[in-house]
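Each remark here refers to the structure printed beneath this line.
Every number in this text was worked out from the coordinates using simple rules, so none of it is lab data. Since the structure is predicted, the reported quantities are computational estimates derived from the model, not experimental observations. FYI the Cβ positions are ideal-geometry reconstructions off the backbone, even for glycines, and counts take in every protein chain you see.
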Amino acid sequence: MLLTLSACPPFSLRAIIGSHGWVQLAPFAADPQATLLTRVERLESGRVVELHIREARGGVAVEVRDSLTGAEREEVSRKVWWMLGLGEDLSPFYTLARQEPHLAHVEPQALGRILRSPTLFEDAVKVILTTNTAWSGTQRMVEALVTRYGDPLPTNPARNAFPTPAQIAASDEETLRTIGLGYRAPSILSLARRVAEGSLDLEALKRDSLPTPEIHRRLLAIPGIGHYAAACLLMLIGRYDHLPVDSNAYRMVSQEWYGGRPVSRSEIEAQFEHWGDWKGLAYWFWAWSRED
DNA sequence: GGTAGACCTGGACGC
DNA sequence: GCGTCCAGGTCTACC
């Protein structure tokens, strides 16, 4: 079964695949040339399918090697549309970026969209698992969660879908610690249980009607999510007015503008303040003079 | 508002 | 092989 979806131009699937490390985290995968994005996905019907996403004229083609019902086709379209930000219009950002040599590359390369998970729950879990660990640790922890709790793909049981909140919620803190989540285990378990029981509606935070400060406040109230993680999640729902300041930001900003001396968080914020609603994207895609 | 220390793990390094 | 040190962001206590 093949679905075609159009995107707001300019569009590049390769740019989205390379936008950050999400493609390296299960159940995403891509080919070395970044022309094919795959993902094992559990549909609301309970079926587990593999999505094969390629760039097509004006958007993407999504192949699923199973026949889907009408509702399942609609669900796949909706999820891919969100994951790739197909409806996102970044023209105001590009207008500003044209004036900045360090961002002159973004529009020609169609940079700006950031690969997302279908649910904010999955993105929140993954963001928590990026904190206070090396990237290899994040990959190991996500792999452990997906392998242990996610439903297997029938045609290849070695690959699993990302677990639902209920699947993680049914576990316990000790088991989550055992599979390598360490001190993050209670945060992940608490998040899964609150989403599963309905006391925390993360998907509601994607709605346009909520002001960014309110979404930011609600994200910070989640155990395990601090300023960095909240800013990352805001970026992932298309709100770019917060900077995800991590240890790398301190190094890069120090080298870029302060001659290598230690900088404070407020000095980092000051360098991107004039980008207003687009400061997150400006920071994310900035062509640093010195890459470490 | 800023700072210090605990949390946990893997990797690098020295012996 | 073993022990030590370090990196990474959040949270809490404290100033």
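Here is how the numbers come out for the structure above:
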quantity	calculated
Extension gain (nm, one decimal) between A:T155 and A:E143, 0.36 nm per residue minus Cα-Cα	2.4 nm
Sparse-neighbourhood loop sites, GluC sites (Glu not before Pro) in segment A:205-292 - DSSP loop, at most 10 other Cβ within 10 angstrom	A:E291
Separation of alpha-carbon centers, segment A:39-106 and segment A:216-292, rounded to whole Å	25
Directionally averaged projected area (convex hull, Cα atoms, chain A), nm²	15.5
Protection-proxy order for peptides A:136-145, A:57-66, each taking the mean of Cβ atoms within 10 Å per residue, highest first	A:136-145, A:57-66
Check: segment A:167-292 dipole with +1 on Lys, Arg Cβ and -1 on Asp, Glu Cβ, in debye	120
Simple label model, 7 Å out from Cα along Cβ direction - A:H52 to A:A221, nm	4.5
Chain A - percent relative contact order, Cα under 8 Å, separation 6 or more	16
Efficiency of FRET from Cβ geometry, A:H20 and A:W257, R₀ 22 Å, rounded to 0.05	0.40
A:Y240, A:Y183 arranged by Cβ crowding within 10 Å, fewest neighbours leading	A:Y183, A:Y240
